[in-house]
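Enquirer: Next up is a structure, given as structure tokens.
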Amino acid sequence: MDDLVIARSMFGTTMAFHIIFATIGVGLPFMILMGELMYQKTKDFQYAVMAKRWTKAFAVLLGVGIPTGTIAGVQLSLLWPGFMEVIGRVMALPFQIEIYAFFIEALFMSIYVYAADRIPPWMRIVSLTLVAIGALGSAVLITNVHAFEGTPAGFRIENGEIVDVDPWKAFFNPSFFVTAGHVALSAYTTGAFVVASIAAFKMLKNTVDSKLYLFHKKALLLSVVIGGIFALLTALNGHESAQYLHKYQPEKLAAAEGLFETQTHAPLAIGGFTDKETQEVKWAIEIPWALSFLAGNSFDTKVIGLNDFPEEWWPPLFIHTLFNVMVGIGSLLILLAALTIFWSKWLEKKHFPKLLMWLLVFSGPLSVIAIESGWIFACTGRQPWTIYRILSTADSATTAGNLGVLFTFFIIVYVILAAAVLFVLLYYFKRNTVEDDLLKAEAKGIPSISTNT
Amino acid sequence: MSDAIIASIVLWGFVFIYSVMATMDFGAGFWSMVYINRTKTGATNIANRYLSPTWEVTNTFIVALVVAVYSMFPGAAYTLGTILLIPGSIILLLLALRSAFLVFSHIAEEYKKILTYISGIAGILLPALLISVLPITHGNYVFFTENSQTLDLVKLFTSPNEYAFIGFAISSTLFLSSLLLSDYSKVSGELEAYRIYRKDAMITGPISLVMAFLIMLTLKQEANWIYEKMMNDLPLLILSVICFIIAGVALYIPNFSKNKSMGIPRVAVVAVTLQYLLASFVYGRAHLPYMVYPHVTIESGFTDPNSFHAIFATYIAGFAILFPGFIYFWKMFMHDNRYLQKKQQ
């Protein structure tokens, strides 16, 4: 492998590992906040027990999320000094503001966890809200840098020099809101379905209608409702994201859909694999005219095909599959949530069919896979550029060689961290069961559950 | 004052804040490891009580520092990113292990010891690597060619100057953290722990001072330019040493006085912070205008003026928003007896 491929793989591995923790780290505080609010509203202390257990899981995940985030931030300048030189001049604001979001999250997370028994309930809610805002803020801001890479704004290049820098124009680049919105909404979806997964699994493991079963059912319904709402919003926003691609990065949309010839009434290809030689998507289900409609809300919309671009500008064609995986899982999640809510609220059934339960067990891992596919799609789909049509990935990379050894070390550390985090989570929740927490809460009365440590 | 100078002051401010907070953080982790078997003294307990709520905040400062470098000096970020690839990556790997295992050690009680050892040892190696960035920027170990720069690791790790810095980093980490913890245990009313940390500070303090002299001695040989410029501020350096002596007196009072004084660690903490502030000011000023000697200066690496003004505005806004948060945080964990004097559960 040449150094560029290693540099990309190395950063890609860091990001792939980090975003699992980052995404859940945005989604979970929101769930904790919902749990706390449900508790304040219903005075059903089971919700407080939920919030407490999620907080514990969140604290453990932060132990990996924070250092891997630090790695990602620093690796940017270690591996992509050429890129960061441009970003530093033009697009430093989101990084800078992100720091404040980090601080808010870190300060109030400690207060929520370690000072819980010394602050009034309303301050707990305020602290938690600030943690959620901090987490969301850092995700939105860092995604803004990604948005800028696709739709750069706020500067010009003249004779190789960066001129006319307008940092706020760069900050509010065209795709900021839609891209950041997509990441935020999908993080809430993922956080909720990860909770739903565990709740569904526990329901299958416990006797039907036992105390624990009912506890987990409460968690399941709360998370499925939240997850369903956000999955739907993610899809609506995703539609807009695709229209932005049509407008700003047409070759990315063309590669996502395996479209070679520019045409109106363009078909939408679902599934299959793009074949470069025959210029078609093999084994795909084609929906006539649909792509044109999706891209511009009209069948007459002309969608530009890959052949209109020089081949060296083509993104890798496998992104079609990633795009399909992301959209497919997203749709499945909406369906699952709708079905579960329909079953429980309209049919007023107390139990769910086994098949639905098992699908719900897999909803968490599936949503993480969707997130991963989405990110890989978004970043490889921008290739060969780091800043669209302005800076190539090759020009961004470090000139230092021998990255292979470093890459190996990072992989080893990620494997250690992944194993350790799983072990610690299993260890903790095996020794501190829901039953213990419920008994503790019952025995000591409601105020005692105000400690999160 | 030019924008670049203001930016370099802000940056150096971040470096200083992070170094003080990080030494306390890494040091506290190390002490909690050292005293893990002496449960009765409460020394480990005190270290953890300080560490648990603060490590995340401290970690945010290193991100703030890196972001400050590339947002204010993107030109220098290019060179720094290239030459620091290997040391920077090692720092990141250790930092990841350290933070993760620190968190895990509080969750998985049965494995507390091994987890604390891993994070404690990783934590004490980190200051050594972090401070190496300074001698690297002196330029002796960087090989500049037309379009690229490489770091000569062999030359770096065979230089006495590098080892003087490493020795200084480790001894300062132990010194500052034991000093802080002695104050923290005194306000917490943990007298046994206070005696232990006070003794540690008395041992590590003089060692760190000797290391500082060794840095100057080796700098004279290896990077004479910065040595000469530092000596221009000799009065400030002497003042810095005086602060060290004040701190020493504040700690040694019980040994001399006849009434039952316990020493005033709070004064020592303030004096030593001042000591390091003065010394780092002198060093930082002497380092200017170079970021990486002799090719990268604060002017050559400086960002676009529009960007700088926007960033500076966010610094002010951010500080205004965060300040109450920091105050509240301080009250909750450094100033609240309900937290400080909580008995081990």
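The values are calculated or read from the model by the stated rules, or taken from the named source; none is laboratory data. Keep in mind it's a predicted model, so treat the numbers as computed, not measured. Virtual Cβ from ideal backbone geometry, glycine too; neighbours counted across all protein chains shown.
Enquirer: Can you tell me which residue among A:Ser210, A:Ser186 is hydroxyl-bearing (Ser, Thr, Tyr) and under 30 Å from A:Thr433 (Cβ atoms)?
Expert: Matching residue, one of A:Ser210, A:Ser186: A:Ser210.
Enquirer: Of the residues that make up segment A:385-406, is at least one under 27 Å from the mean Cα position of the chain (by Cα) and closer than 22 Å to B:Ala100 by Cβ?
Expert: The answer is yes; a qualifying residue exists.
Enquirer: Return only the number of the condition from (1) without any contact (Cβ under 8 Å) to a residue 40 or more places away in the chain; (2) farther than 29 Å from B:Ala310 by Cβ; (3) of a type in the set (A, V, I, L, M) that B:Ile9 does not satisfy.
Expert: The single condition B:Ile9 does not satisfy is (2).
Enquirer: So, one more: Right, A:Leu76: part of a helix (DSSP H, G or I) and in contact with a Phe, Trp or Tyr (Cβ under 6 Å, 6 or more places away or on another chain) or not?
Expert: So A:Leu76 fails the test.
Enquirer: When the residues of segment B:304-345 are filtered to those that are touching a residue at least 60 places away in the same chain (Cβ under 8 Å) and part of a loop (DSSP other than H, G, I, E, B), which remaining residue is nearest to the other protein chains (Cβ to nearest Cβ)?
Expert: Ranking the candidates gives B:Lys342 first.
Enquirer: May I ask you to list the residues in segment B:52-95 that are within 7 Å of chain A (Cβ to nearest Cβ) and small (Gly, Ala, Ser)?
Expert: B:Ser52, B:Ala64, B:Ser71, B:Gly75, B:Ala77, B:Gly81, B:Gly88, B:Ser89
Enquirer: Is one or more of the residues making up segment A:222-239 out of contact with any strand residue (DSSP E or B) (no Cβ under 9 Å at 6 or more places or on another chain) and under 30 Å from A:Gly88 (Cα atoms)?
Expert: Checked segment A:222-239: at least one residue is out of contact with any strand residue (DSSP E or B) (no Cβ under 9 Å at 6 or more places or on another chain) and under 30 Å from A:Gly88 (Cα atoms).
Enquirer: Of (1) within 27 Å of B:Ile86 (Cβ to Cβ); (2) hydrophobic (A, V, I, L, M, F, W, C); (3) more than 7 Å from chain B (Cβ to nearest Cβ), A:Val113 satisfies all except one. Which?
Expert: Looking at each condition in turn, A:Val113 falls short on (1).
Enquirer: Does B:Ser119 satisfy the criteria of being over 30 Å from B:Tyr315 (Cβ atoms) and buried (at least 22 other Cβ atoms within 10 Å of the Cβ)?
Expert: Yes.
Enquirer: Here are the criteria: (1) at pLDDT below 85; (2) under 29 Å from the mean Cα position of the chain (by Cα); (3) hydroxyl-bearing (Ser, Thr, Tyr). Tell me which single one A:Tyr248 does not satisfy.
Expert: Every listed condition holds for A:Tyr248 apart from (1).
Enquirer: Report whether or not A:Ala106 is assigned to a helix (DSSP H, G or I), more than 8 Å from chain B (Cβ to nearest Cβ) and touching a helix residue (DSSP H, G or I) at 6+ places or on another chain (Cβ under 9 Å).
Expert: No.
Enquirer: Would you confirm whether or not segment A:42-56 contains a residue that is among the hydroxyl-bearing types (Ser, Thr, Tyr), in contact with a helix residue (DSSP H, G or I) (Cβ under 8 Å, 6 or more places away or on another chain) and facing chain B (nearest Cβ under 7 Å)?
Expert: Among the residues of segment A:42-56, not one is among the hydroxyl-bearing types (Ser, Thr, Tyr), in contact with a helix residue (DSSP H, G or I) (Cβ under 8 Å, 6 or more places away or on another chain) and facing chain B (nearest Cβ under 7 Å), which makes the answer no.
Enquirer: While we're looking at this one, here's another question. Among the listed residues A:Phe148, A:Phe171, identify the single one that is modelled with pLDDT of 90 or more, farther than 20 Å from A:His18 by Cα and touching a strand residue (DSSP E or B) at 6+ places or on another chain (Cβ under 9 Å).
Expert: Answer to the check: A:Phe148.
Enquirer: Also, quick follow-up: Out of the residues in segment A:420-442 meeting the condition of being farther than 18 Å from A:Ala199 by Cα and within 11 Å of chain B (Cβ to nearest Cβ), tell me which one is surrounded by the most Cβ atoms within 10 Å (Cβ to Cβ).
Expert: Looking at the filtered set, the residue picked out is A:Val424.
Enquirer: Then there is this: Testing B:Gly139 on (1) at positive phi; (2) at the interface with chain A (Cβ under 10 Å from one of its Cβ atoms); (3) not basic (Lys, Arg), one condition comes back false. Which one is that?
Expert: (2)
Residue by residue, here is whether (1) surrounded by 14 or more Cβ atoms within 10 Å (Cβ to Cβ); (2) at pLDDT below 90; (3) over 30 Å from the mean Cα position of the chain (by Cα) holds:
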{"site": "A:Gln279", "(1), (2), (3)": "yes, yes, yes"}
{"site": "A:Lys282", "(1), (2), (3)": "no, yes, no"}
{"site": "A:Ile287", "(1), (2), (3)": "no, yes, no"}
{"site": "A:Val303", "(1), (2), (3)": "yes, yes, no"}
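Enquirer: When segment B:279-303 is examined, which residues are found to be more than 10 Å from chain A (Cβ to nearest Cβ), hydroxyl-bearing (Ser, Thr, Tyr) and touching a residue at least 12 places away in the same chain (Cβ under 8 Å)?
Expert: Scanning segment B:279-303 gives B:Ser280, B:Tyr283, B:Tyr290, B:Tyr293, B:Ser300.
Enquirer: Return yes or no: is A:Lys217 among the charged types (D, E, K, R), crowded, with 17+ Cβ neighbours inside 10 Å and either assigned to a helix (DSSP H, G or I) or at pLDDT 90 or above (or both)?
Expert: yes
Enquirer: Can A:Ser392 be described as without any contact (Cβ under 8 Å) to a residue 60 or more places away in the chain, under 19 Å from A:Ser77 (Cα atoms) and hydroxyl-bearing (Ser, Thr, Tyr)?
Expert: yes
Enquirer: Looking at this structure, is A:Tyr39 surrounded by fewer than 23 Cβ atoms within 10 Å (Cβ to Cβ), without any contact (Cβ under 8 Å) to a residue 40 or more places away in the chain and in a helix (DSSP H, G or I)?
Expert: When the stated conditions are applied, A:Tyr39 passes them.
Enquirer: Might you let me know whether segment B:270-288 holds any residue that is surrounded by fewer than 19 Cβ atoms within 10 Å (Cβ to Cβ) and at pLDDT below 90?
Expert: yes
Enquirer: Kindly check whether there is at least one residue in segment A:22-31 that is within 23 Å of the chain's Cα centre (by Cα) and surrounded by fewer than 21 Cβ atoms within 10 Å (Cβ to Cβ).
Expert: So far as segment A:22-31 goes, no, none of its residues is within 23 Å of the chain's Cα centre (by Cα) and surrounded by fewer than 21 Cβ atoms within 10 Å (Cβ to Cβ).
Enquirer: Shifting gears a bit: Within segment A:1-48, which residues are under 29 Å from A:Lys211 (Cα atoms) and basic (Lys, Arg)?
Expert: Across segment A:1-48, the qualifying residues are A:Lys41, A:Lys43.
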